[in-house]
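K.L.:
Structure below; questions to follow.
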Amino acid sequence: MTTEIMITLAITSIITLIIGYISASTVLRKSIERKSENILKDAEKASEQIKKDKILQAKEKFIELKSEHEKFINSRNQKISDLETKAKEKDSKLNQRLEESKRKAKELDKKRENLSNQLDIIERKKEELEKVHTRQVNALETISGMSAEDAKEQLVEALKGEAKTEAMSLIQDTIEEAKLTANNEAKKIVIQTIQRVATEHSIENSVSIFNIESDDIKGRIIGREGRNIRALEAATGVEIVVDDTPEAIILSCFDPIRREIARLSLHKLVSDGRIHPARIEEVVSKTSKQLENEIIETGKRTCIDLGIHGLHPELIRMVGRMRYRSSYGQNLLQHSRETANLCATMASELGLNAKAAKRAGLLHDIGKVPDDEPELPHAILGMKIAEKHGEKPDICNAIGAHHDEIEMTSIIAPIIQVCDAISGARPGARREIVESYIQRIKELENIALTHPGVIKSYAIQAGRELRVIVESEKVNDEKAAAISFEISQKIQNEMTYPGQVKVTVIRETRAVNYAK
């Protein structure tokens, strides 16, 4: 009984649930349907609104495009109208020009007609004049008994003779005047040149004086048993005379460069206080290098002062060496500078190239200062040196021809020759004896250098003594005596000299080691 009740209750519950579910699903379906209807209605309303908005936008866009199109059409119409207006104006101007050209053409036609009429009148008058001229010529021929051609020939011959006479007279007067003017102008140019470039001259000699503070220094310079002074003379090739002259030492040598090296070396040794043979050789070596640098600087300063550019470095060095050379007693650098200025001034007066003339004037005696001295005239040697170092042909010709060793082909060559003579011809500028003395001294040294084993040779005491230094490894004592005799005999046979020449051969052996 209980079971049946429970089954009944269960069935009832299930039925109730089914009925409830069916009722709920029905209510839910109706609710969903209502919501769907509401959504559809809202969507329809929204689509209608969107449609209206799009239509409005399309209308506005259409109105805007229409307005822009109308503006474009109006602008194009305006441009077309302006172009039509301009075309009409051009057409009007062209018509005016056409009318003007027609009017001018009519005027030209009238002028052409007038000219034609005038030419006809001129032709008629010309024919009349020719007839009158023919009648007059015939009348003259009848009166004179000569034809017109014969009269013309006689008149021409008479005029020719008269013209020749007058021309010859005029030419002669012109030549005389030109000669007088040329002489006056040449004198004027030379005088002006000399006056503008006047300089003082210093006469070089073969002796330098080295001043010292006290006579006590003389003993230090001489050294023990004279070793210091002998070392200094051997290193420099200069004779050092230490006598009773107060506070002075005499340096004697024909070569100014050697004298300058000796003077500077002595100054350094005395200032330093250390005077011994090794120190002397060191100081002389440094002084020689220093003087070489000074020579180059002197050459550079000279070129800068004269405004000469582009010289080869070797030519600049040789210009600096001129400072320590003399030409007949006249300082060679001073002479060359003066000649350069004279040449520049004279070339300017003559309307020639002043820079080229100045350059040639500076280099004209460059053949007097080479390191090696071949047996050539200094003008030819200078020309070859200039050619070797890239100077122009006109400069080289002026250098080589300034003593007439070669033919002058350059227009500045005679100027160099004249200015060289002007510079050397002044009173007191040169002394012939100095040049011959230097040549004799050089020959003495060269004779000694021709013997094998000779390292150096120095002519001292104004050429009265020749000191010859030989290599101790190649020359023994007996050979040294033989070399001294041979040199003296060669000097006696080949040279002309006053007094006698003492030949001293020095053979010295040194052993040098270093403690480390």
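K.L.:
Over 22 Å between Cα atoms, which of Lys358/Lys384; Lys218/Lys289; Lys268/Lys289; Lys456/Lys516 qualify?
P.N.:
In this structure, Lys218/Lys289; Lys456/Lys516 lie more than 22 Å apart at Cα.
K.L.:
Continuing with this model, one more query. Could you state how much accessible area His403 has, in square angstrom rounded to the nearest 10, with a 1.4 Å probe and all protein chains kept in place?
P.N.:
About 80 Å², rounded to the nearest 10.
K.L.:
If you stretched the chain out fully between Lys111 and Glu294, how much longer would it get, using 0.36 nm times the residue separation minus the C-alpha to C-alpha distance?
P.N.:
56.8 nm
K.L.:
At a Cα cut-off below 16 Å, give the lysines reachable from Lys102, other chains included and same-chain residues fewer than 8 away excluded.
P.N.:
Within reach: Lys93, Lys110, Lys111.
K.L.:
May I pose another question? What's the Cα-based Rg to Rh of region 33-99, Rh via Kirkwood?
P.N.:
Rg divided by Rh gives 1.68.
K.L.:
Follow-up question, since we're still on this one. Identify all lysines with a Cα-Cα distance to Lys35 below 19 Å; exclude those on the same chain that are fewer than 8 residues away in sequence.
P.N.:
Hits, sequence-local ones excluded: Lys45.
The values are calculated or read from the model by the stated rules, or taken from the named source; none is laboratory data. All values derive from a computational prediction rather than experimental measurement. Just so you know, the surface numbers come from the protein's heavy atoms only, side chains and all, with ligands and any DNA or RNA stripped out. Shrake-Rupley method; radii C 1.70, N 1.55, O 1.52, S 1.80 Å.
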